[in-house]
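Structure record follows, encoded as structure tokens.
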Amino acid sequence: YQDKINGDSTSSVHMVDINPDMLREGEQRFASTKWHDDKRIGFTVGNAENLEFVKDGEFDVYTIAFGIRNCTHPERVVREAYRVLKPGGRFMCLEFSRVSNPVLASLYDMHSFYVIPKLGELIANDRQSYEYLVESIRKFPAQNEFAQIIRDEGFTTIGKGYENLTFGTVAIHTGYKF
């Protein structure tokens, strides 16, 4: 994208995961892409709550998708994101969220608590992982609460600080380091 759209051949991507097996899976999938031999893309086993191997102000953008709710201390993840971003940097988090419409919320809850675990059991023979998924979504702070965590850790947000997608089942949170 940076090469094609912005003519930038110096950008780099650094992927971090605490689970070495997940990271290895990502590397294997990445191996079949045209960017595999590009030295600007790195993979590191690490904890998003403590990115000790990253210097202060090293990155322009920090993204995390469907992972921060699995961290023990999401506020520490946001704090680390702030630390590793350059001034003017942007934090973006895509995460499951809460449906605000009461009718849709009850339908979504029924789907989440009954259908998703049953599908996990039938398709993957793993009901527990899908029950955990639903429970982890419910334990994660609601959109306004998470937007406040982002502000509390030093970021500036525009408007409410997030955009709901699919009626709020997912939200993109954005904060800027100024």
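The values are calculated or read from the model by the stated rules, or taken from the named source; none is laboratory data. In this text, all values refer to a predicted model and were calculated from it rather than measured experimentally. So basically every Cβ, Gly included, is an ideal-geometry build from the backbone, and we count neighbours across all protein chains shown. SASA here: full protein model, heavy atoms, side chains in, ligands and nucleic acids out. Shrake-Rupley method; radii C 1.70, N 1.55, O 1.52, S 1.80 Å.
Two-decimal Rg/Rh of the chain from alpha-carbon positions, Kirkwood Rh?
Looking at the chain, the ratio lands at 0.99.
Out of residues 5 or more away from HIS14 or on other chains, whose amide H comes under 5 Å of its own, with H placed 1.01 Å from N in the peptide plane?
So HIS14 has HN proximity to GLY42.
In sequence order, what are the phi-derived ³J(HN,Hα) couplings for the range 156-166 according to the Karplus relation 6.51 cos²θ - 1.76 cosθ + 1.60 with θ = phi - 60°, rounded to whole Hz, with x for glycine and proline?
9, 10, 9, x, 7, x, 7, 10, 6, 10, 6
At a Cα cut-off below 30 Å, give the lysines reachable from LYS139, other chains included and same-chain residues fewer than 8 away excluded.
Partners within reach: LYS118, LYS160, LYS177.
What does the charge add up to near THR63, with Lys and Arg as +1, Asp and Glu as -1, over the other residues with Cβ less than 12 Å from its Cβ?
-1
Counting Lys +1, Arg +1, Asp -1, Glu -1, what net charge surrounds ASP21 among other residues with beta carbon under 14 Å of its beta carbon?
Surrounding charge for ASP21 is -1.
Once the other residues with Cβ under 12 Å from the Cβ of GLN148 are scored (Lys, Arg +1; Asp, Glu -1), what is the net sum?
Value of the local net charge: -2.
Could you check how much of the accessible area of the range 120-178 is carbon and sulfur, as a whole percent, using a 1.4 Å probe?
53 percent
What relative contact order, as a whole-number percentage, does the range 55-116 give when Cα pairs under 8 Å and 6 or more residues apart are counted?
Reported as a whole number, the value is 41 percent.
Would you list the P(r) distribution for the range 128-173, with all Cα-Cα distances sorted into 10 Å bins from 0 and each bin expressed as a whole %?
That works out to 25, 47, 23, 5, in percent per bin.
Which ³J(HN,Hα) values, rounded to whole Hz and listed in residue order, are derived for the range 29-46 from phi using the Karplus coefficients 6.51, -1.76 and 1.60 in 6.51 cos²θ - 1.76 cosθ + 1.60 with θ = phi - 60°, glycine and proline given as x?
5, 5, 4, 8, 9, 6, 8, 3, 7, 6, 7, 8, 10, x, 10, 9, 6, x
I need the calculated FRET efficiency for the pair HIS111 and ASP56, taking r as the beta carbon distance and R₀ as 41 Å, to the nearest 0.05.
Plugging the Cβ-Cβ distance into 1/(1 + (r/R0)^6) gives 0.45.
Can you pull the Rg over Rh of the range 1-47, Cα-only, Kirkwood?
Ratio value, two decimals: 1.03.
Given the protein chains as shown and a 1.4 Å probe, how many square angstrom of ASP60 are accessible, to the nearest 10?
Accessible area, nearest 10 Å²: 90 Å².
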